[in-house]
Amino acid sequence: MKEEMVLKFIKEIVFLFMTVLGTLGNIFVSVNYMISLLEGPEKKPIHLILIHLAFANIIILLAKGLSKTIATFGLRNFLDDIGCKIVIYLSRMGRGLSICTSSLLTVVQAIIISPRASGWRRLRPKSAWHILPFFSFFWILNSLISVNLIHSITSTSLNISQLENGDNYCYFSLESQKTKWLVLPLMVLRDAVFQGAMGGASSYMVSLLHKHHQQVLYLQKAKLLYRTPPELRAAQSVLLLMLCFVFFYWTDCAFSLVLSLSLGNNSLLVNIQKILALGYATFSPLVLIHRDELLPECWHAQWEKLRKCLSRVAVQ
């Protein structure tokens with residue numbers, strides 16, 4: 001009994017910590033890149049894509065993380081039927097947007113660092129606003145894929161004797177299984193297409209970074225000073241972000257497959273799968289903050305504003 005209470009307490013803390021940390025991290029990243037996009041001399045497409053990715057992560061954390069955190073704390077049936085449909089719909093939408101945006105981020109970054117003689121260079125976005133049609137396409141695509149949830153999800157506050165066991169607070173109705181098998185191939189096709197593009201662009205960037213590394217070694221042997229261009233450093237950050245995505249996505253898929261094939265209800269595996277489902281949305285902003293050194297830049301900018309304000313007061 002004590003062990004169950006301790007495990008329940010740990011689960012509550014983990015879900016709460018991941019939800020709060022991920023939400024604050026994504027808000028910080030989106031605000032930081034938004035400021036640089038509005039005030040910076042150059043409107044970088046990558047910054048706009050990262051803002052959209054952070055927004056998709058916030059949707060996942062608020063829809064999936066916050067609701068699971070509330071359910072973990074023992075508040076059952078806290079959502080009515082409409083609330084249940086909205087939460088699960090937004091969770092599915094956020095996941096799809098995250099996959100599509102991560103793929104777009106990788107492809108655009110690969111185009112940006114491609115050599116000038118390469119044919120891919122001609123596809124480079126001339127302005128950050130040229131990315132907006134892709135966002136519209138992602139929203140329309142994922143809203144159409146997720147629209148079946150409006151009729152398939154039911155709250156546990158209703159009669160659950162006719163429902164299939166699903167989540168702590170929402171259930172998939174048994175009548176929706178036929179629709180499920182129609183929508184599932186579309187989800188698999190979407191994930192395969194966008195992850196295929198992500199994998200191809202990542203491989204291309206790895207080859208370019210390897211060539212760049214060989215040039216750096218040559219210059220070091222020749223005792224010449226060389227500084228890594230910001231585009232290549234950004235490419236390294238994107239590759240690290242994609243490794244984070246691949247790890248959480250495929251481990252989540254592996255645990256989901258094991259749970260679907262297992263006969264019994266293993267609560268430990270279920271909780272691990274739920275944590276993995278929130279992993280990318282939680283830790284991807286931390287990767288960006290660390291790699292792009294956003295915190296030191298933010299502190300430096302705030303310090304400069306404070307110093308100028310104090311100097312004006314002193315003059316007056």
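The values are calculated or read from the model by the stated rules, or taken from the named source; none is laboratory data. Nothing here was measured: the structure is a model prediction, and the numbers come from that model. FYI the Cβ positions are ideal-geometry reconstructions off the backbone, even for glycines, and counts take in every protein chain you see. We work out accessible area using only protein heavy atoms, side chains counted, and drop any ligands, DNA or RNA first. Shrake-Rupley method; radii C 1.70, N 1.55, O 1.52, S 1.80 Å.
Given a Förster distance of 25 angstrom, what is the FRET efficiency for Leu269 paired with Leu189, based on the Cβ-Cβ distance and rounded to 0.05?
Numbers: r = 27 Å, r/R0 = 1.09.
With R0 = 25 Å, the Cβ-Cβ based efficiency is 0.40.
Using a 1.4 angstrom probe on heavy atoms only, work out the carbon and sulfur share of the accessible area of region 244-293 in %.
71
If ligands, DNA and RNA are left out, what is the accessible area of Phe135 with a 1.4 Å probe, given in Å² to the nearest 10?
That residue has around 20 Å² of solvent-accessible surface.
When the Karplus curve 6.51 cos²θ - 1.76 cosθ + 1.60 is applied with θ = phi - 60°, which whole-Hz ³J(HN,Hα) does each residue of region 255-262 get, with x for Gly and Pro?
5, 5, 5, 4, 5, 6, 8, 6
Express the accessible area of region 1-146 per residue in Å², computed with a 1.4 Å probe while the remaining protein chains stay in the model.
Spelled out: the 1.4 Å probe surface of region 1-146, per residue, equals 51 Å².
Quick one: how many Å² of Trp139 are accessible to a 1.4 Å probe, rounded to 10?
Accessible area of Trp139: about 90 Å².
Would you calculate the separation in nanometres between label points at Met34 and Leu261, each defined as 7 Å from the Cα along the Cα-to-beta-carbon direction?
4.4
Tabulate in residue order the Karplus-calculated ³J(HN,Hα) for region 83-89, using 6.51 cos²θ - 1.76 cosθ + 1.60 with θ = phi - 60°, rounded to whole Hz; enter x for Gly and Pro.
Each residue's phi maps through the Karplus curve to give x, 5, 4, 5, 5, 5, 4 Hz.
At 1.4 Å probe size, with the rest of the protein present, what percent of the exposed accessible area of region 1-56 is carbon and sulfur atoms?
Heavy-atom surface of region 1-56 belonging to carbon and sulfur, 1.4 Å probe: 76 percent.
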